[in-house]
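See structure below.
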Amino acid sequence: MITCPYCFARVAEDRIAFRCSGGCDPVADELLGRLRGGTPPSLPPVFQVRRPGRRAGCPACGRDTGRRVCPECHSGLAAEYCANPGRIVALVGAKGSGKSTYIAVLLHELMNRVGAELDASLVPCDDRTIERYRRDFARPLFGEHRLLRATQSAVTDTLRDPLVYLLTRTVKGRFRSRRAALTLVLFDTAGEDLRSREVTERHLRYLRASDAVVFLVDPSSLRKPPDDPDSDPDSDPVNVIARVTELLRTGDGPLRIPVAVALSKIDVLRRETSSALHRSRAPSGAFDLDDHEGVHEQVRALLESWQAGGLDRYLRQNYADFAFFALSSLGEVPGEAEVGPGGIRPYRVEDPLLWLLHRFKMLDGVRR
């Protein structure tokens, strides 16, 4: 079975469809138009064959094609993704938690510094991902050093597609090596989307198809009194996590899905805290268990000192496997519209993903 990373339907390999390579006249693709919103695109028709392989002949024009698509939504499925469907990681954050900036910087680090450390490759699964990352993330942040605009709700921005990447690396075993894959499907989700009836269904499919969830939390939202008249319910991380929990829950007892809860914008707090949050991660190509446990406990202590320990208790009651992290996408407090004078200096943005790679047996854990 393969999970479509666009509509999140579960598709048997013998049901994968193909799109004609261009020998047939274009037709309005209603299914793809329904997924993306707006006018259905005019594209060559989609067809299915009895025993799909890497390629198939169009029954109408006879032309050979390798353009595989999801039969439920007609989104293209990259050959590499079909061969290594991997695991899906969902990213969720409250309003103002810095999701867009985190996405931009995390992907940049995985393509460069962290990818080299792990000997891993990160490749986009479609042309729309390539174009959207370049236009909406890389060019403004890394090219022009401009801060990214706040995420628009999917109610008004219905054409927004997820960014879909495949992370692969070779895991060395005792007797033989194996190739492991992780699918990053990144919706830049506005906080209000998780309580909007218009978009809840797609987010429900997105979350339920995921093998792990990363929550981003702005520390300043945890330090406000709960009865603050200026507080925004869409910025309350406990509200957001509770909504997601209800979407994920299908029965009683703690949820088994691994959950990473990361304090973003930690550069503001590093001067106030001690020990683990001051210490940069030493690159080793493995997951440092001692370092991780130190950060986890330091964040728990911070939550208690801010009278926000209810977040820790809620997670312990509802999730069997969760961990705390602290990171900074930019490395310092930015200006009103652009990054700080020191440029972009990420701090521990990869930590939640390394933890998940370790959980999925794609990365060895080590003790000092």
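The values are calculated or read from the model by the stated rules, or taken from the named source; none is laboratory data. No experiment lies behind these values; they were computed from the predicted model shown. Cβ sites come from the backbone with ideal geometry, for glycine too, and all protein chains shown count toward neighbours. We work out accessible area using only protein heavy atoms, side chains counted, and drop any ligands, DNA or RNA first. Shrake-Rupley method; radii C 1.70, N 1.55, O 1.52, S 1.80 Å.
What are the pairs, 6+ residues apart or on separate chains, where a residue within region 85-101 that is over 20 Å from Leu166 (Cα atoms) and open to solvent by 10 Å² or more (accessible area, probe 1.4 Å) has its Cβ under 9 Å from a residue that is part of a strand (DSSP E or B) and not polar (S, T, N, Q)?
Gly98/Leu216
For the condition assigned to a loop (DSSP other than H, G, I, E, B) and over 28 Å from Asp211 (Cα atoms), what is the one hit in Gly342, Gly285? First the steps, then the outcome.
Details: Gly285 fails: over 28 Å from Asp211 (Cα atoms).
Answer to the check: Gly342.
For region 49-74, what are the residues that are of a type in the set (Gly, Ala, Ser) and at positive phi? Walk me through how you get there before you give the answer.
Going through region 49-74, the residues of a type in the set (Gly, Ala, Ser) turn out to be 53, 56-57, 60, 62, 66.
Gly62 - this is the single residue of region 49-74 that is of a type in the set (Gly, Ala, Ser) and at positive phi.
Tell me which helices (runs of 4 or more DSSP H) are completely within region 13-119 and hold 1 or more residues being in contact with a strand residue (DSSP E or B) (Cβ under 9 Å, 6 or more places away or on another chain) and over 23 Å from Phe187 (Cβ atoms), or say none if there are none.
On the way: elements: 30-36, 79-83, 99-111, 113-118.
So the answer is 79-83, 113-118.
Working only within region 345-368, note down all residues that are on the phi < 0 side of the Ramachandran plot, open to solvent by less than 30 Å² (accessible area, probe 1.4 Å) and not in a helix (DSSP H, G or I). Walk me through it before giving the result.
Going through region 345-368, the residues on the phi < 0 side of the Ramachandran plot turn out to be 345-347, 349-360, 362-368.
From what's left, open to solvent by less than 30 Å² (accessible area, probe 1.4 Å): 347, 349-357, 360, 362-363.
If the condition is that a residue be on the phi < 0 side of the Ramachandran plot, open to solvent by less than 30 Å² (accessible area, probe 1.4 Å) and not in a helix (DSSP H, G or I), then Tyr347, Val349, Glu350, Phe360, Met362, Leu363 are the ones that fit.
Any residue that is modelled with pLDDT of 85 or more, open to solvent by 10 Å² or more (accessible area, probe 1.4 Å) and touching a Leu at 6+ places or on another chain (Cβ under 9 Å) - is there at least one of those in region 171-180? Steps first, answer last, please.
Filtering region 171-180 for residues modelled with pLDDT of 85 or more gives none.
No, the conditions are met nowhere in region 171-180.
Would you mind telling me which numbered condition in (1) closer than 26 Å to Phe324 by Cβ; (2) surrounded by 19 or more Cβ atoms within 10 Å (Cβ to Cβ); (3) among the β-branched types (Val, Ile, Thr); (4) modelled with pLDDT of 70 or more Val164 fails?
(1)
For region 110-126, indicate whether the set of residues that are at pLDDT 90 or above, open to solvent by less than 60 Å² (accessible area, probe 1.4 Å), charged (D, E, K, R) and over 20 Å from Arg87 (Cα atoms) is non-empty.
yes
Out of (1) in a strand (DSSP E or B); (2) closer than 23 Å to Lys95 by Cβ, the odd one out for Leu122 is which?
(2)
Six or more apart or on different chains, Cβ atoms under 8 Å: show the pairs whose first residue is in region 321-345 and farther than 13 Å from Gly98 by Cα and whose second is β-branched (Val, Ile, Thr) and open to solvent by 40 Å² or more (accessible area, probe 1.4 Å).
If the second residue must be β-branched (Val, Ile, Thr) and open to solvent by 40 Å² or more (accessible area, probe 1.4 Å), the pairs left are Gly340/Val333.
Yes or no: region 85-96 includes at least one residue that is of a type outside the set (A, V, I, L, M) and over 27 Å from the mean Cα position of the chain (by Cα). Spell out the reasoning first.
Taking region 85-96 and keeping what is of a type outside the set (A, V, I, L, M), we get 85-87, 93, 95-96.
Of the ones still in play, those that are also over 27 Å from the mean Cα position of the chain (by Cα) are none.
Scanning region 85-96, I find no residue that is of a type outside the set (A, V, I, L, M) and over 27 Å from the mean Cα position of the chain (by Cα), so the answer is no.
Residues in region 312-339 that are assigned to a loop (DSSP other than H, G, I, E, B), touching a strand residue (DSSP E or B) at 6+ places or on another chain (Cβ under 6 Å) and surrounded by 22 or more Cβ atoms within 10 Å (Cβ to Cβ): how many?
The initial filter retains those residues of region 312-339 that are assigned to a loop (DSSP other than H, G, I, E, B), namely 320-321, 327, 329-337, 339.
Next cut, touching a strand residue (DSSP E or B) at 6+ places or on another chain (Cβ under 6 Å) only: 327, 331.
With surrounded by 22 or more Cβ atoms within 10 Å (Cβ to Cβ) added as a condition, the list becomes 327.
Residues in region 312-339 being assigned to a loop (DSSP other than H, G, I, E, B), touching a strand residue (DSSP E or B) at 6+ places or on another chain (Cβ under 6 Å) and surrounded by 22 or more Cβ atoms within 10 Å (Cβ to Cβ): 1 in total.
Which of the residues belonging to region 183-220 are of a type in the set (Gly, Ala, Ser), modelled with pLDDT under 65 and open to solvent by 10 Å² or more (accessible area, probe 1.4 Å)?
At the first step, the residues of region 183-220 found to be of a type in the set (Gly, Ala, Ser) are 190-191, 196, 209-210, 212, 220.
Checking which are modelled with pLDDT under 65 leaves us with 190-191, 196.
Passing the criteria: only Ser196.
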